[in-house]
1. Where residues in the range 209-249 are hydroxyl-bearing (Ser, Thr, Tyr) and surrounded by fewer than 17 Cβ atoms within 10 Å (Cβ to Cβ), which of them is modelled with the lowest pLDDT?
2. Regarding the range 44-59, can at least one residue be identified that is within 15 Å of the chain's Cα centre (by Cα), closer than 30 Å to residue 140 by Cα, surrounded by 13 or more Cβ atoms within 10 Å (Cβ to Cβ) and in contact (Cβ under 8 Å) with a residue 60 or more places away in the chain?
3. For the subset of the range 60-72 comprising residues that are touching a Ser or Thr at 6+ places or on another chain (Cβ under 8 Å) and under 30 Å from residue 165 (Cα atoms), which member is surrounded by the most Cβ atoms within 10 Å (Cβ to Cβ)?
4. Go through the range 177-217 and give me each residue that's free of Cβ contacts under 8 Å to residues at least 40 places away in the same chain and assigned to a helix (DSSP H, G or I).
5. Run down 30, 36 and say which single residue is of a type in the set (Gly, Ala, Ser), closer than 13 Å to residue 216 by Cα and either more than 31 Å from the chain's Cα centre (by Cα) or loosely packed, with under 14 Cβ neighbours inside 10 Å (or both).
6. Could you grab me the full set of residues in the range 200-214 that are over 15 Å from residue 49 (Cα atoms) and among the small types (Gly, Ala, Ser)?
7. Considering every residue within the range 166-174, establish whether at least one is touching a Ser or Thr at 6+ places or on another chain (Cβ under 8 Å), at pLDDT 75 or above, in a helix (DSSP H, G or I) and under 20 Å from residue 72 (Cβ atoms).
Amino acid sequence: MLHRRVYQFLIIFALGLGLLFAIKYVMGLSDYVIPSPSGVWETGKETARRYFGDVGNTLGVAMAGQVISVFLAGFVGIAGRRATWFGSFIKVAAYNVQAYPIVALAPILFILVGDGLFTRLLIAAMICYFPVLLSVLGIMSEPVEDIEHFYRATGRMRWQLEVKIRAFENLGKLTTVISGSATLAFAGTIVAEFIAANAGIGYSIRIALYQSDMGKILVALFMIGIVLSLYQGLLELSGQAVRRAWGGS
């Protein structure tokens, strides 16, 4: 699974890069607009180590933001799973608030909080929080009748057991949601760094854009794709391991 993630990205990136070079040579664009393959290679050798460190910085912030969002979404999703007034209020609030573009709030957050680590972390958590919350709400609100009926009939049903049953029966869906939220967290962190930050790969891309250096941007995109593919693959493998361990126990 891990290697599949990587080679799928490599195929897509190679196709995109080939299309870009085809446009360059068909339209006769200069190396200033789109660099030559050798130019991109030389830029990669010069910047790969620094950009890899920048991507690692961004990934660390994205992972922390994702963990915060998953735990918060899990707590709110469990609290709002029942068809009570409080549960209905949480669902309505989640559906309404997630319609608001979180990225539009980024400039306000930078003005109020500044351009440090906390702002990047907050934006990453906010961007992947609502999709995860909606998925958790849907999973936790759907009873597993075949199993839950037995425990209710015998009077052994507790809210903790109810949550465990629904989580286990939908562990594949939860793993997919968490893996997908990694992309959102990563993208949110890059957007935050691009708008106004002093570290991370988004900050490096902004500098490359000001310099009109397409080669550096392509190298940065390659680094982002490789690291994100590895991270998502590891999340999926971890989800499979948890399911096997949970099922065995």
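The values are calculated or read from the model by the stated rules, or taken from the named source; none is laboratory data. Predicted model only: the values in this text are computed from it and were never measured. Methodologically, a virtual Cβ is constructed for each residue, glycine included, from the backbone with ideal geometry; neighbour enumeration extends over all protein chains shown.
1. At the first step, the residues of the range 209-249 found to be hydroxyl-bearing (Ser, Thr, Tyr) are 210, 212, 229, 231, 238, 249.
When the remaining residues are screened for being surrounded by fewer than 17 Cβ atoms within 10 Å (Cβ to Cβ), the result is 210, 212, 238, 249.
Values: 210: 85, 212: 82, 238: 74, 249: 54.
Ranking the qualifying residues of the range 209-249, first place goes to 249.
2. Yes: the range 44-59 contains one or more residues that are within 15 Å of the chain's Cα centre (by Cα), closer than 30 Å to residue 140 by Cα, surrounded by 13 or more Cβ atoms within 10 Å (Cβ to Cβ) and in contact (Cβ under 8 Å) with a residue 60 or more places away in the chain.
3. Pass one, the range 60-72, residues touching a Ser or Thr at 6+ places or on another chain (Cβ under 8 Å): 61-62, 65-66, 69-70.
Then drop every residue that is not under 30 Å from residue 165 (Cα atoms), which leaves 62, 65-66, 69-70.
Details: 62: 32, 65: 27, 66: 27, 69: 25, 70: 21.
So, considering only residues that are touching a Ser or Thr at 6+ places or on another chain (Cβ under 8 Å) and under 30 Å from residue 165 (Cα atoms), the one surrounded by the most Cβ atoms within 10 Å (Cβ to Cβ) is 62.
4. Just the residues of the range 177-217 that are free of Cβ contacts under 8 Å to residues at least 40 places away in the same chain, to begin with: 194, 205-211, 217.
Answer for the range 177-217, where residues must be free of Cβ contacts under 8 Å to residues at least 40 places away in the same chain and assigned to a helix (DSSP H, G or I): 194, 205, 206, 207, 208, 209, 210, 217.
5. On the way: 30 fails: closer than 13 Å to residue 216 by Cα.
Every option except 36 fails the conditions.
6. Hits for the range 200-214 are 202, 208, 212.
7. We begin by selecting, within the range 166-174, every residue touching a Ser or Thr at 6+ places or on another chain (Cβ under 8 Å); these are 173-174.
Now narrow it down to the ones that are at pLDDT 75 or above: 173-174.
Restricting the remaining residues to those that are in a helix (DSSP H, G or I) gives 173-174.
This time we only want the ones that are under 20 Å from residue 72 (Cβ atoms), so: 173-174.
Among the residues of the range 166-174, at least one is touching a Ser or Thr at 6+ places or on another chain (Cβ under 8 Å), at pLDDT 75 or above, in a helix (DSSP H, G or I) and under 20 Å from residue 72 (Cβ atoms), which makes the answer yes.
Let's see how each residue does on (1) loosely packed, with under 15 Cβ neighbours inside 10 Å; (2) at pLDDT 85 or above; (3) of a type in the set (A, V, I, L, M, F, W, C):
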{"residue": "22", "(1), (2), (3)": "yes, yes, yes"}
{"residue": "94", "(1), (2), (3)": "no, no, yes"}
{"residue": "107", "(1), (2), (3)": "yes, no, no"}
{"residue": "115", "(1), (2), (3)": "no, no, no"}
